Structures are given as C-alpha cells and as structure tokens.
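The numbers here are math on the coordinates, done by the rules we state, and not lab data. Keep in mind it's a predicted model, so treat the numbers as computed, not measured. Because the Cβ atoms are built from the backbone with ideal geometry, glycine has one as well, and the counts that use them run over all protein chains shown.
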Amino acid sequence: MSAESAATLAALILADEGVEITGDKITALTSAAKVEVEPIWATLLAKALDGKDVKALLTNVGGGGAPAAAAAGGAAAAAGAAEDAPVEEKKEEAKEESDDDMGFGLFD
C-alpha cells in the first residue's frame, strides 16, 4: 500500500470514528499499519481536511452537490424520464462538396 493511500485511509478512519483529524493521529494510524508516511504529508492532509465534513464529501462525490442517496434516486427517476423522452435523431453530416459537384475540376 502506498503512503498516500494509507494516509487517506487513516483520515477516513478518524472521520468515521468522529475523531478530530490531525497529522499526529494520521501518523499513529499509519505506523500501526506498518506503513511509513512522512509527518509533513500527514500534517498537510490534516490541514486540507480541517473544517471539512469528510463524510459529506464522500457522499457528494460525483453527485453534482446532491447527496449520494438522493442522486441514486434521482438517477432512477431520470432514467425513467429518459425512456419517455423522444429520441433525438442523429443529424446527417453535410458532405463536403467536391470540385466535380460544382461543375468544374482542377484541370478544366
């Protein structure tokens, strides 16, 4: 396991337990897992997550700002609505006119 993954998982463990995310706690968890993480990276991750609701960040991934549960329900409703919507026909691309179509050629 990479040091980055271990530090991220340690931060997720702390958030899941409701414990404040600090560099020291991330380092302690990664050390217990026998993964060496430089303290500076643990501190930077902790500062990046400071004041953020990590659980809310996880539920908002890919949801466009909506919680994942609502997004999943909305996706099912959107799929049903998409089936009812008329299918757009593909527009044919206009063919480029060649010189022959214009009535003259390169050597005329």
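Charge tally for residue 3 (other residues, Cβ to Cβ under 9 Å; Lys, Arg +1; Asp, Glu -1): -3. Here the gap between residue 36 and residue 17, fully extended at 0.36 nm per residue and compared with their Cα-Cα distance, gives a gain of 4.6 nm. With r as the distance between the Cβ atoms of residue 4 and residue 60 and R0 = 30 Å, compute the FRET efficiency 1/(1 + (r/R0)^6) and round to 0.05. Result of the calculation: an efficiency of 0.90.
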